[in-house]
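The values are calculated or read from the model by the stated rules, or taken from the named source; none is laboratory data. Quantities reported herein were computed from a predicted structural model and do not represent experimental measurements. Ideal geometry is used to build each Cβ from the backbone, glycine not excepted, and the neighbour counts take in all protein chains shown. Side chains are part of the model used for accessible areas, which takes the heavy atoms of the whole protein and leaves out ligands, DNA and RNA. Shrake-Rupley method; radii C 1.70, N 1.55, O 1.52, S 1.80 Å.
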Amino acid sequence: MQWYEEVLDRIDDKKTYCHKELMDELRMLKTGLSESTYHWAISGLVRGGALTRLGYDSYSLSSALPKDEYVPVYSDTAEGLIRLISEKYPYVQFTIFETVLMNEFLNHLIAQNTVFVQVEKESSIYVFRFLQEQGIQNVMYKPGKNDFELYWSKDCVIVTDMISEAPIRADKPHVVMLEKMLVDMLADKLISTTFSKAELPDVMEQAQSRYLLDKVRMLRYARRRNRQDVLLKYLEGSKVEDATS
């Protein structure tokens with residue numbers, strides 16, 4: 001048992017606490033430590049599941065708050081793409097991810113959305129051509145990083161190949177799973193350009209504290225994307241130098 005876990009006995013399960021209040025509780029428990037040590041202790045309680053981060057500067061005992069399954073709230077654009085593609089290609093596997101979904105976990109919010117349509121490799125080109133035929137504006141097919149940055153525009157639609165072993169919902173296969181979203185934020189060179197990588201530790205911490213995560217599936221997918229070791233460091237709260245290089 002870590003010394004800071006004793007603070008859990010001092011916390012009221014009917015209250016929420018800001019970061020400063022938790023720091024004060026830790027100081028009363030063990031005085032004379034550095035500020036960074038107390039910050040590290042709070043992060044340790046969140047990573048370990050004892051505390052849940054409810055939002056900006058708000059925490060509560062996890063025992064009082066059952067974790068939910070993550071369900072994305074899509075834009076009208078994303079919902080329309082799901083209907084359009086699934087009606088045309090009912091047997092093709094694809095998943096929709098849009099960058100505004102990350103705003104739930106980011107401090108610096110994304111204002112200009114990008115929709116990624118990730119399709120099984122053999123069918124992605126057909127989906128791309130179909131969207132062009134339907135008059136979908138600003139659609140690109142597997143752009144490189146330079147082309148993405150050069151030709152990107154608001155509400156751009158990017159059609160790419162789906163990586164094998166990606167976590168997929170059995171009941172709603174076109175709806176992105178949080179496990180997949182987190183690994184793609186870490187591993188995908190296009191998605192990672194749309195937010196600051198410095199926010200990844202906080203993103204991982206919030207996701208673990210708020211939602212149920214199947215870490216076995218998540219790590220299997222991360223291994224497929226050559227990011228298993230990096231993901232483990234994030235999940236454990238360890239320092240990571242450059243996750244997407």
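A few notes on this one:
- Evaluation of MET1 against (1) closer than 20 Å to VAL203 by Cβ; (2) modelled with pLDDT under 85 (one fails), failing number: (1)
- Residue check, LEU150 under 19 Å from the mean Cα position of the chain (by Cα) and assigned to a helix (DSSP H, G or I): no
- Filter result for GLU205 (under 27 Å from ASP57 (Cα atoms), in contact with a Gly (Cβ under 8 Å, 6 or more places away or on another chain) and either open to solvent by 20 Å² or more (accessible area, probe 1.4 Å) or assigned to a helix (DSSP H, G or I) (or both)): yes
- Set ARG47, ARG53, ARG10: member being modelled with pLDDT under 95, of a type outside the set (A, V, I, L, M) and farther than 20 Å from LEU235 by Cβ: ARG10
- Members of the range 152-199 that are of a type in the set (D, E, K, R) and crowded, with 19+ Cβ neighbours inside 10 Å: GLU179, LYS180, ASP184, ASP188
- Look at the range 190-202: where a residue is under 16 Å from ASN146 (Cα atoms) and part of a helix (DSSP H, G or I) and a partner is open to solvent by 20 Å² or more (accessible area, probe 1.4 Å) and not hydrophobic (A, V, I, L, M, F, W, C), sitting 6+ places away or on another chain with Cβ atoms under 7 Å, you get THR193/LYS145; THR193/GLU149.
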